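One structure is given below, encoded as structure tokens.
Every number here is computed from the coordinates shown, using simple stated rules; none is lab data. Small disclaimer: the values here were computed from a predicted structure and weren't measured. Cβ placement follows ideal geometry from the backbone for every residue including glycine, while neighbour counts extend to all protein chains displayed.
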Amino acid sequence: MPSYDDVEVGTELPAQTFPISRLDLVRYCGASGDFNVIHWNERIAKAVGLPDVIAHGMCTMAVAVRVVTDWAGDPGAVVSYGVRFSRPVVVPDDDRGAVLRVTGTVEDKADGRVTVGLTAVVGEGDDAAKVLTHAKAVVRLP
């Protein structure tokens, strides 16, 4: 766990990638109680205008903050966390699913707390797209 004194504005957290599969979505449906068919049924998702099944926004949000909780060493150190959803995470029915790449940078430091800005992207190259904007976590450090 980093200490408050050792962290500076501009400190980069270790980047991580997180695979998200259809099985993960079904498990999240059960854990969250959100069984909306757009999260597991391709036919319905496409019928309502989506390109394919999409991950739950709250699942995407939870996966992304793992960069912060892993870095801080304690999920309880997160004082607040908020995001705006800018694009859904499309999860194809293949062996790979979607891959969420998340980076974080310390943007502010005051009173024993640091604010970490997160960037969450799916796709690669020209197809890469931010799926969260204004993603910020405030963390209390010892």
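Helix-only estimate, please: 222 nm mean residue ellipticity of the chain, summing -39500 (n - 2.57) across DSSP H runs of length 4 or more and dividing by its residues, to the nearest 500.
Working: 3 runs with 33 residues, N = 142.
After summing the helix terms and dividing by the residues of the chain, the value is -7000 deg cm²/dmol.
With a cut-off of 8 Å between alpha carbons and a minimum separation of six or more residues, what is the relative contact order of the range 1-74 in percent? Working shown, then result.
On the way: 49 pairs, mean separation 26.2, N = 74.
Reported relative contact order: 35 percent.
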**OP:** Convert each backbone phi in the range 54-66 into a coupling constant with the Karplus relation 6.51 cos²θ - 1.76 cosθ + 1.60 (shift: θ = phi - 60°), then list the ³J(HN,Hα) values in order as whole Hz, x for Gly and Pro.
**Re:** 10, 6, 4, x, 5, 5, 4, 4, 5, 5, 4, 6, 4
Subject >> Inter-probe distance in nm under a simple model that places probes 7 Å from Cα toward Cβ, at ARG96 and VAL79 >> reply: 4.0 nm
Original post:
Around VAL89, which amide H atoms from residues at least 5 apart in sequence, or from another chain, sit under 5 Å from its own amide H, with H modelled in the peptide plane?
Top reply: ALA55
**OP:** May I ask you to evaluate 6.51 cos²θ - 1.76 cosθ + 1.60, the Karplus curve with θ = phi - 60°, for each residue of the range 35-51 and list the ³J(HN,Hα) values in order in whole Hz, giving x for glycine and proline?
**Re:** 9, 3, 5, 5, 8, 8, 10, 4, 4, 5, 4, 5, 5, 9, x, 7, x
Original post:
To the nearest 10 degrees, how steep is helix 22-32 against the longest Cα principal axis of the chain, on a 0 to 90 scale?
Top reply: 70 degrees
Original post:
What percent does the relative contact order of the chain come to when contacts are Cα pairs within less than 8 Å and at least six residues apart?
Top reply: 31 percent
**OP:** Return the distance in nm (one decimal) between the two label points of a simple spin-label model at ARG140 and PHE35, each offset 7 Å from Cα along Cα→Cβ.
**Re:** 3.9 nm
**OP:** For the chain, evaluate the Debye formula with one uniform point scatterer on each Cα (no solvent term) and list log10 I(q)/I(0) at q = 0.09, 0.15 Å⁻¹, rounded to two decimals.
**Re:** -0.30, -0.75
Subject >> Alpha-carbon Rg with Dmax, taken over the range 1-84, Å >> reply: 16.5, 53
Subject >> DSSP-defined beta bridges in the chain - what % are antiparallel, rounded to 5 >> reply: 100 percent
